[in-house]
Amino acid sequence: MNLLEVINVSVKVSARTLVDQISLTLRAGQLLSIIGPNGAGKSSLLKCVAGDIEPTEGKLQLHGFAEGQVQRARQLAVLPQLSLLNFPFRVSEVVALGRVPHSSGAAHDGEIIAHCLALMDITHLQERRYTTLSGGEKQRVQLARVIAQLWVTDGKVDYPRLLLLDEPTTALDMGHQQLLLTALQRLTEHGVAILMVLHDVNLAARCSDTILAMKDGHCVAAGPPSQVITAPTMQTLFNTATQIVRHPSDASPMVVSVDG
Amino acid sequence: MWFAIALPLSFVAAVMWGAVNLGADSTLRALLALERDTQAAMILYDIRIPRALMAAFVGALLAICGAVTQGLFRNPLADPSLIGVTAGATTGAALMIFFAGGVVSLQGLPGLSAVSLGAFLGGAITVMLVYRLATSATGTSVTTMLLAGVAITALAGGLSGMLEYFSDNQMLRRISLWRMGGLDGASSLTVTVAAVATLLVVAILPRYANALNALLLGESEARHLGIAVQTVKLQLILIVALGVGLSVALAGSIAFVGLVVPHIVRLMVGPDHRTLLPASAMGGAILLLLADLVARTSVAPVELPVGIVTALLGAPFFISLLRYRHSYGMQ
């Protein structure tokens, strides 16, 4: 069953069209990545789904999500692009904020927080002040926070869950990008649907069930990675010549730039 | 934990020393009601205790409101007196004295309620205005916030000047008497009002601790954590306006307590509002008790208004915070 349906959604701010007639669907356990050049409207689309901005046209439906704000926060977690926290919380306290919508008791929360700290490889930082961390470390802390918001210990729940991530890998090194992908895979195995904006096309090709390629607000291509990651699409999106090769281990498409 | 010991100690110190030093022995005996009719007991019960209670309540109110303002603005430099809330409240109160002075007598409970209402309204309008000006989706600008405070303080000064210009002699006397306010006017009525307000605010605000923690992440982040951001913001703004407004109505404007105390407390217990709020209330009570002690004893028998002492302590503190603001990630 689809838990998210976006039907012909457009977002217009004054005369500018940020998102133009985009449609997509997402089922439980699916991972959809949005790729595209800067200013393509990827983040606006994500904010639309998050409920931060209203679509000017079209319909956006979440199926099986509670109306109540607290209840909904247990089902829908959002990682924004940049984070402004400049108060010296401890790392573990920031991750614990993900448990605010739950009233599951300190012991249970503690277990989940410890788990999410380990998942993002920040257990050794848990006593550090957030403000003293590097960019990549901060990003991992925020990721652990949103994962803690949706996490359930036995992995099974009877309600749909959706995780929205806006460029979660930008500040991460290669090892931690891989760590994140593994964590996301575990979430999808437990039925969490994930919608994320990614800059790294090759990363998107490896982890996504579906990719949506956007430029100037409209959809250039959508479908499984093998259909979207093609040289003509890359030419349209990024205006640069590329060649597609196969990943040696899983044969997913990989983009390599070539001289024009 | 510290504060729980320091608070009663500063209270005893505040009632023991003054223009007349009572000494530990007779202070304790009078406090424990072993002696009633001595001179020490009279000084204690008629003058020192009401004043010390007032200092403790107003200090607690100002510090906890400061901590909430900083959480609300997501900015450790937001202090009610710096962003114009105190000035707004003062002007509201002066306007109320000017226009309502002919209708209700400014003595006793009706007068206090009228002045408090004016201060509350003035404060509430100011916080909302500054909030609208200084915060955006990308955070709070320190510059805009402080400049808005400067503008509002100037506007408030202009309005007060105009009121004084057009006041007759009697009205002028009323306004200036009230403005000198300070803690020396503590009576059983004002102490009771301060006690009720402070206990109410201190009891209600910790309910917002989780919401304030989430708000520090940003408004939309807080919304995604299930916080009803608009409602919470409005309620917090009204509570801060009430707290600051009442403290202005009861004791005049006392600056910097709401900046210095939460900052020190944050260094000691961290920024989590669940501990920050109650600890700030206690810290504020301690600071103002001690500041008032200094105000009463430093140039005895003359007494300084306590606001002068807090300003002398607070201004350098604030300047040093401004100097190192980059280490809080502020610009």
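The values are calculated or read from the model by the stated rules, or taken from the named source; none is laboratory data. Fair warning: this is a prediction, and the values are worked out from it, not measured in the lab. Neighbour counts are summed over all protein chains in view; Cβ atoms, including those assigned to glycine, are modelled from backbone coordinates with ideal geometry. Keep in mind that these areas ignore ligands, DNA and RNA; they rest on the heavy atoms of the full protein, side chains included. Shrake-Rupley method; radii C 1.70, N 1.55, O 1.52, S 1.80 Å.
Given a 1.4 Å probe and every protein chain left where it sits, what share in percent of the accessible area of the stretch A:2-257 is carbon and sulfur?
Carbon-and-sulfur percentage of accessible area, whole number: 50.
Say each of A:Thr182 and A:Thr123 gets a label point 7 Å from the Cα, pointing the same way as Cα to Cβ; how far apart are those two points in nm?
Distance between the two pseudo-spin positions: 1.3 nm.
Find how much the distance from A:Ala15 to A:Ala114 grows on full extension, using 0.36 nm per residue of separation minus their present alpha carbon separation; answer in nm with one decimal.
30.9 nm
Just the Cα atoms of the stretch B:57-328: what Rg and Dmax do they give in Å?
Gyration radius and largest Cα-Cα distance of the stretch B:57-328: 18.0, 58 Å.
What distance in nm lies between label points placed 7 Å from Cα along the C-beta direction at B:Gln39 and A:His218?
Distance between the two pseudo-spin positions: 9.5 nm.
If you build a Gaussian network model of chain A, linking Cα atoms that sit under 10 Å apart, which residue out of A:Leu172, A:Leu82, A:Leu46 swings the most?
Maximum among the listed residues: A:Leu82.
Hey, if you put +1 on the Cβ of every Lys and Arg and -1 on every Asp and Glu Cβ in the stretch A:2-257, which of A:Ala15, A:Asn2, A:Leu82 ends up farthest toward the positive end of that dipole?
The listed residue farthest towards the positive side: A:Ala15.
If I require 15 Å or longer along the helix axis, counting alpha carbons, and a Kyte-Doolittle average no lower than -1.0, what helices from chain A are left? Use full DSSP H segments.
Helices passing the filter in chain A: A:106-119, A:135-150, A:174-189.
Please tell me the relative contact order of chain A in percent, rounded to the nearest whole number, where contacts are Cα pairs under 8 Å and at least six residues apart.
Answer for chain A is 25 percent.
Using R₀ = 30 Å, calculate the FRET efficiency as 1/(1 + (r/R₀)^6) where r is the Cβ-Cβ separation of A:Asn8 and A:Ala66; round to 0.05.
Efficiency, rounded to the nearest 0.05: 0.75.
Given DSSP loops and a limit of at most 14 other Cβ atoms within 10 Å, what is the longest stretch of chain A that contains no such GluC sites (Glu not before Pro)?
Working: sites that count: A:Glu67, A:Glu127.
Excluding the exposed sites themselves, the longest stretch runs over A:128-260.
If r is the Cβ-Cβ distance from B:Ala203 to A:Thr236 and R0 is 56 Å, what FRET efficiency results, to the nearest 0.05?
Numbers: r = 61 Å, r/R0 = 1.10.
With a Förster radius of 56 Å, E is 0.35.
Hey, can you list the residues from the stretch A:51-72 whose accessible area shrinks by 10 Å² or more with all protein chains present, relative to the chain by itself (probe 1.4 Å, no ligands or nucleic acids)?
With the partner chains in place, the stretch A:51-72 has these residues losing at least 10 Å²: A:Asp52, A:Gln69, A:Val70.
Where both residues lie in the protein assembly as shown, what percent of DSSP beta bridges are antiparallel, nearest 5?
Percent antiparallel among DSSP bridges in the protein assembly as shown is about 60.
As a test of the definition: with a 1.4 Å probe, what buried accessible area, both sides summed, do you compute for B against A, in Å² to the nearest 100?
In total, this chain pair buries about 2100 Å².
How much mean residue ellipticity at 222 nm does chain A get from its helices, if each DSSP H run of length 4 or more adds -39500 (n - 2.57) and you divide by all residues, to the nearest 500 deg cm²/dmol?
Only helices count here, giving -9500 deg cm²/dmol.
Rounded to the nearest 5, what % of the DSSP beta bridges within the stretch A:2-257 are antiparallel ones? Could the numbers behind the result be given before it?
Working: 24 of 42 bridges.
Beta bridges within the stretch A:2-257, antiparallel portion: roughly 55 percent.
Among the chymotrypsin sites (Phe, Trp or Tyr not before Pro) within the stretch B:268-328, which fall in a DSSP loop and have no more than 11 other Cβ atoms within 10 Å of their own Cβ?
Answer by residue number: B:Tyr324.
Under the definition of partner shielding as Cβ atoms of other protein chains within 10 Å of a residue Cβ, what is the mean value for peptide B:225-232?
Whole-number average of other-chain Cβ neighbours for B:225-232 is 4.
FRET efficiency for B:Gln230 and B:Met162, Cβ-Cβ distance as r, R0 = 41 Å, nearest 0.05?
It comes out at approximately 0.70.
Could you work out the helix-only [θ] at 222 nm for chain B, with each DSSP H run of four or more residues adding -39,500 (n - 2.57) and the total divided by the number of residues, to the nearest 500 deg cm²/dmol? Write down the numbers at each step before the final one.
Working: 15 runs with 240 residues, N = 331.
So the helix-based figure for chain B works out to -24000 deg cm²/dmol.
Could you pull out every one of the lysines with an alpha carbon less than 21 Å from that of A:Lys215, ignoring same-chain neighbours closer than 8 positions?
A:Lys12, A:Lys42, A:Lys47, A:Lys59
Please report, in debye to the nearest 20, how large the charge dipole of the stretch B:57-328 is about its Cα centre when each Lys and Arg carries +1 at its beta carbon and each Asp and Glu carries -1 there.
380 debye
Using only atoms on other chains, find how many Cβ atoms lie within 10 Å of each Cβ of peptide B:73-83 and report the average.
Counting other chains' Cβ atoms within 10 Å and averaging over B:73-83 gives 1.
Within the stretch A:134-154, list the residues whose amide N lies under 11 Å from a label point set 7 Å along Cα→Cβ of A:His199.
none
Between B:Thr86, B:Thr192, B:Thr231, find the one with the highest GNM mean-square fluctuation for chain B; connect C-alpha pairs within less than 10 Å.
Most flexible of the set in this elastic network: B:Thr231.
With every protein chain kept in place and ligands, DNA and RNA left out, what is the accessible area per residue of the stretch B:192-331? Probe 1.4 Å, answer in Å². The partial results should precede the final answer.
Working: 5450 Å² over 140 residues.
Computed with neighbouring chains in place, this is 39 Å² per residue.
For peptide A:87-93, compute the average count of partner chain beta-carbon atoms within 10 Å of each residue's beta-carbon.
Details: counts 16, 8, 6, 3, 0, 0, 4.
Averaged over the peptide's residues, the number is 5.
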